[in-house]
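Worksheet: the structure to be examined is printed underneath.
The values are calculated or read from the model by the stated rules, or taken from the named source; none is laboratory data. What you see is a predicted model, and the numbers here were worked out from it, not measured in a lab. Positions of Cβ are generated from backbone atoms using ideal geometry, with glycine treated the same way; all protein chains shown enter the neighbour counts.
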Amino acid sequence: MVDKIEAADAATLMGDLAQQDVDVIIVGASEIAEPLPALIEQYPDIFWYCNCGAGFPEDPGLAQSRDNGAEIAYTAGYATGLLLQANGGDATTFIGCCDLGFEKQSYLAFEVGLQAVDPAYTMTYVQSGDFPFDFDNIANATAALQTAIDEGSDAVYPYLGGAHRPVVQAANEAGLIVMSAGSSKVCEADEELKYDIAVKFDGGDYVRAVMAGIIDGSFQEGDTKDFKVGVDPEPGAIICNATPEQQAAMDDVYAQIAAGEFEAIFGEIAGQAFAEG
């Protein structure tokens, strides 16, 4: 396994892996997927899989998985709203990188979910990194959190990479509601930091879900697995220590998403987030 691949190094590192007589190469994110078409053509005997997300081009030599960022973020916002309702407070801060399209999709849907609990709740998006894909700027992200605290924020969504856990630690010290950005494990007892919500879109969970299909041949190159909130167990937000009433409310939201009740608003959000210009 090769971890923490930078986009600039992806072609070289994946090419090196491909030369090692491997059978399967799994790519965890679209940020490092740009070299894939050329590599697939060069190494057609390898089974290529990418958790590339929505919008990545289909390729007959590539198996993919994707999810809907708006579905996931809506549940995160709704869960945050339920905790604000229980704990008091009305302001949230969403700390990201640089207002990329998928970030916009997430924070816009987060806000809609938040305000489904109470229209008076507010969400503020804050950039903390340099374009493109700088989700690791600890100094900027922790400074953004401190500003949010000073301005009275009650909850924070650190939609970050390497800067995520330092922000969570600082949020713990300040007593803010805080959540993961992908990891499904943060509600478990062995987690060192305190998380209130797990916002699940974990590439490792997705790989485990499709691996049996890769092995038995039912999930083939050219196929795409869509992970859906309310249908598949992998994506979506969960409240770590939900009351029965909170869990029932989250279950209802999952069921509504699975039934397609929010497709129109999610479509509008995607159009706004990914519009050119």
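Points worth noting:
- Subset tally (residues that are closer than 13 Å to F94 by Cβ and either modelled with pLDDT under 95 or part of a loop (DSSP other than H, G, I, E, B) (or both)) for segment 155-177: 3
- In segment 116-143, the residues that are in a loop (DSSP other than H, G, I, E, B) form Cβ pairs under 6 Å with partners that are surrounded by fewer than 16 Cβ atoms within 10 Å (Cβ to Cβ), at six or more places apart or across chains, as follows: G129/C98; F131/C98; D136/G162.
- Scanning segment 215-237 for residues that are in contact (Cβ under 8 Å) with a residue 60 or more places away in the chain, β-branched (V, I, T) and either surrounded by 18 or more Cβ atoms within 10 Å (Cβ to Cβ) or not in a strand (DSSP E or B) (or both) turns up just one, V229.
- Residue list for segment 242-256, filter: aromatic (F, W, Y) and within 14 Å of T80 (Cα to Cα): none
- Filtering segment 81-115 to residues that are in a strand (DSSP E or B), under 29 Å from C50 (Cα atoms) and among the aliphatic types (A, V, I, L, M) leaves only I95.
- Conditions (1) of a type outside the set (V, I, T); (2) in a helix (DSSP H, G or I); (3) at pLDDT below 95: number failed by Y78: (3)
- If only residues of segment 1-58 that are at positive phi and touching a Ser or Thr at 6+ places or on another chain (Cβ under 9 Å) are counted, the one that is modelled with the lowest pLDDT is G55.
- Among the candidates D190, D196, residue that is in the same structural domain as E111 (by TED's automatic domain parsing) and farther than 24 Å from G81 by Cβ: D190
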